[in-house]
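Structure first, then comments.
The values are calculated or read from the model by the stated rules, or taken from the named source; none is laboratory data. Bear in mind the structure is a predicted one, so any value in this text is a computation, not a measurement. A quick note on method: Cβ atoms are made from the backbone with ideal geometry, for glycine too, and the neighbour counts reach across all protein chains shown. Protein only, heavy atoms only, side chains kept; ligands, DNA and RNA dropped before computing areas. Shrake-Rupley method; radii C 1.70, N 1.55, O 1.52, S 1.80 Å.
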Amino acid sequence: MKKTVHIVGAGVSGLGAAHYLAQQGIDSVIYETSGQLGGRAAGVEEEGTLFEVGGKNFSSQWLRFNALLREFDITGFDPQHPDFHIVLNDRLVKLDKRRTLSGDLRLAMQLGVRGSLQLKRFLDYSRKHAHELNHSQGLIQQVEERWDYKPAAGHFAPSLLAGPIRMFSIIMGAAEPEEIFPSQLMLFTSGFGKGEHFAIQGGIQRFHQALANGKHIRFGERVERILIEQGKVKGLVVKGAKGEETIMADAVISAVPAHVFKRLLTLPIAIREACERIRYYPLAMINALYDKPVFRDGINSIMFNPGSILGHCSANRQYQPEQVRFTLSGIAARQILQFPDDILIERAEREFSRYLPISGRRVAVKVTRHMGGICAYAPYFSRVKHILLGGIAEIDGLEIAGDYLEGHTMEGCLHSAELAVQRLLAR
Ligand SMILES: Cc1cc2nc3c(=O)[nH]c(=O)nc-3n(C[C@H](O)[C@H](O)[C@H](O)COP(=O)(O)OP(=O)(O)OC[C@H]3O[C@@H](n4cnc5c(N)ncnc54)[C@H](O)[C@@H]3O)c2cc1C
């Protein structure tokens, strides 16, 4: 049994790993380069306003996330909007998550016969086989063989690429349909419209704080290297305020994105290449609060069209129409992500106001750039993952958790953390 496990990163994956280790009576130390918990799902308070700057919504269907909420006695949840409005042919068209096409004539008319039938077939197939679809094996391998020889853009009618398929691509990986592969969309749509979505009252950081409770976290300490000698973990090189330190360690869980992990050690070429095939697309989030409702007329959430700098914008909570989360994602957004905050805000508000004019005064705002991006996986992903996990298994004492293994949601991160702990203890 390992005495102490050293974990890189205090996002949901790293905190989850520490928690699952603690359940087995095993101590851990988490190294977190920033000063805060939660990584890309952080909640940040500034001048009395709480901004949730990344992941925050969860599904009633998620086993691990909901089990932890019960364990921590976290109650009080806000329902999320049940529908999206999509910009199609320059108009806002409603897509109800549950009804999708059944009876949704207005959407069907915008998509045309071919688009409507294709979408229906795709959704029906993914939902019908949801229980057989996962990130590792079984049906997903057949789906990959059949579809992943070209990106989603090569498979669907133009009306879908401008609307629902772009919506899935943007939500799934901040990607355009030409940058994402059908198997990944299918994993996403297999859960689309199932269960209810909520956010935690008081903010997602309540969840992180509960996970972090009693754990040993070294904030402001960046892991520079994971040291491996003769196929075994030997230690970590950590850089903090006092300089660089080498820490002896025989068990390490990396809980950072794949593009960070691959820089922490010299990997065999096959594992390195597998990491490099996993795509991440950057985005920015603008959280803005106005003194009047922005969302109205039954609209809670808008998906924008190709060429727009906006991917998706939502009311922060269903009952908070004056709080907007603008996400700048997709190809056009990537060209401007490094622009100053005020320019991003002005461009986002202007674009948004073309469809739903903002009449209120902005009273608080926070811009967060996620330049490391969100994970859009890879074509033939189950093969990539097999190579990755097979290679890691050759290194004694090393495990990986993160958004690139079991889905890029908080549930996926917890799942990856649980599996990383199980594999580490089984060795
Ligand atoms: C805008 C946005 C909206 C999202 N919405 C949702 C949502 O509503 N629901 C949902 O479930 N998911 C959502 N997600 C996805 C979800 O937030 C992520 O999948 C999840 O937070 C990833 O967690 P992680 O721990 O794997 O990685 P991260 O959150 O990236 O955590 C990694 C941590 O490691 C630290 N770190 C990095 N390098 C080092 C190093 N060398 N040494 C030490 N520490 C290091 C980082 O600072 C970070 O804290 C969203 C993501 C974004 C960006």
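Only four residue types carry charge here, +1 at the Cβ of Lys and Arg and -1 at the Cβ of Asp and Glu. Report the dipole size of region 307-352 about the Cα centre in Debye, rounded to the nearest 20.
Dipole of region 307-352, to the nearest 20 debye: 220 debye.
Could you give the dipole magnitude of region 69-146 about its Cα centre, charging the beta-carbon of Lys and Arg +1 and that of Asp and Glu -1, in debye to the nearest 20?
500
Measuring with a 1.4 Å probe in the full set of protein chains, what accessible area per residue, in whole Å², belongs to the chain?
The answer is 42 Å² per residue.
What distance in nm separates the simple spin-label points at residue 206 and residue 305, each placed 7 Å from Cα in the Cβ direction?
Those two pseudo-labels are separated by 4.1 nm.
At 0.36 nm per residue, minus the direct Cα-Cα distance, what do residue 237 and residue 427 gain on full extension? Give it in nm, one decimal, please.
Roughly 66.0 nm would be gained on extension.
Hey, what's the Cα Rg ratio for region 248-293 versus the globular rule of thumb, 2.2 N^0.38 Å?
Taking the Cα Rg and dividing by 2.2 N^0.38 Å, one obtains 1.91.
Determine, for each peptide in 40-47, 305-312, the mean count of other beta carbons within 10 angstrom over its residues, then list the peptides with the highest first.
Put in order of decreasing packing, that is 305-312, 40-47.
Of 33, 16, 53, which is farthest on the positive side of the dipole of region 12-64, counting Cα position, with +1 on Lys and Arg Cβ, -1 on Asp and Glu Cβ, and the Cα centre as origin?
So the residue furthest toward the plus end is 16.
Give me the accessible area of residue 194, 1.4 Å probe, in Å² rounded to the nearest 10.
70
Assign unit charges at the C-beta atoms only (+1 for Lys and Arg, -1 for Asp and Glu), then state the dipole size of the chain relative to its Cα centre in Debye, rounded to the nearest 20.
With only Lys, Arg, Asp and Glu charged at Cβ, the dipole is about 640 debye.
Taking the Cβ-Cβ separation of residue 371 and residue 273 as r and a Förster radius of 22 Å, what is the calculated FRET efficiency to the nearest 0.05?
0.45
Quickly work out the residue 292-to-residue 319 label distance, labels modelled 7 Å from Cα along the C-beta direction, and quote it in nm with one decimal.
Distance between label points: 2.3 nm.
What does the highest-first list of 315-323, 70-78, 167-175 look like by mean Cβ count within 10 Å?
The most tightly packed comes first, giving 167-175, 315-323, 70-78.
Rounded to the nearest 10 Å², what accessible area does residue 218 have for a 1.4 Å probe in the complete protein model?
Probe radius 1.4 Å; accessible area of residue 218 about 60 Å².
Projecting each Cα onto the charge dipole of region 353-427 (Lys/Arg +1, Asp/Glu -1 at the beta carbon, about the Cα centre), which of 425, 389, 408 comes out farthest on the positive side?
Most positive-ward Cα: 408.
Say R0 is 56 Å: what FRET efficiency, to the nearest 0.05, do residue 222 and residue 83 get from their beta-carbon distance?
With R0 = 56 Å, the Cβ-Cβ based efficiency is 0.85.
Using just the C-alpha positions of the chain as equal point scatterers, what log10 of I(q)/I(0) does the Debye formula give at each q in 0.12, 0.14 1/Å?
Result of the Debye calculation: -1.01, -1.36.
Given the -39500 (n - 2.57) contribution per DSSP H run of 4+ residues, what per-residue ellipticity at 222 nm results for the chain, rounded to the nearest 500 deg cm²/dmol?
-10000 deg cm²/dmol, from helical runs alone.
Stretched out fully, how many nm does the piece from residue 350 to residue 3 gain, at 0.36 nm a residue minus the Cα gap?
119.4 nm
Would you calculate the convex hull of the Cα atoms in region 28-69 and tell me its volume per residue in Å³?
114
Using +1 at the C-beta of Lys and Arg and -1 at the C-beta of Asp and Glu, which of 135, 193, 212 has the Cα lying farthest in the positive direction of the dipole of region 116-234?
It is 212.
Using Cα pairs under 8 angstrom and six or more residues apart, how large is the relative contact order of the chain, in percent?
RCO, the chain: 24 percent.
Given 0.36 nm per residue, what is the gain on full extension from residue 244 to residue 34 after removing their alpha carbon distance, in nm?
Between residue 244 and residue 34, full extension yields an extra 74.0 nm.
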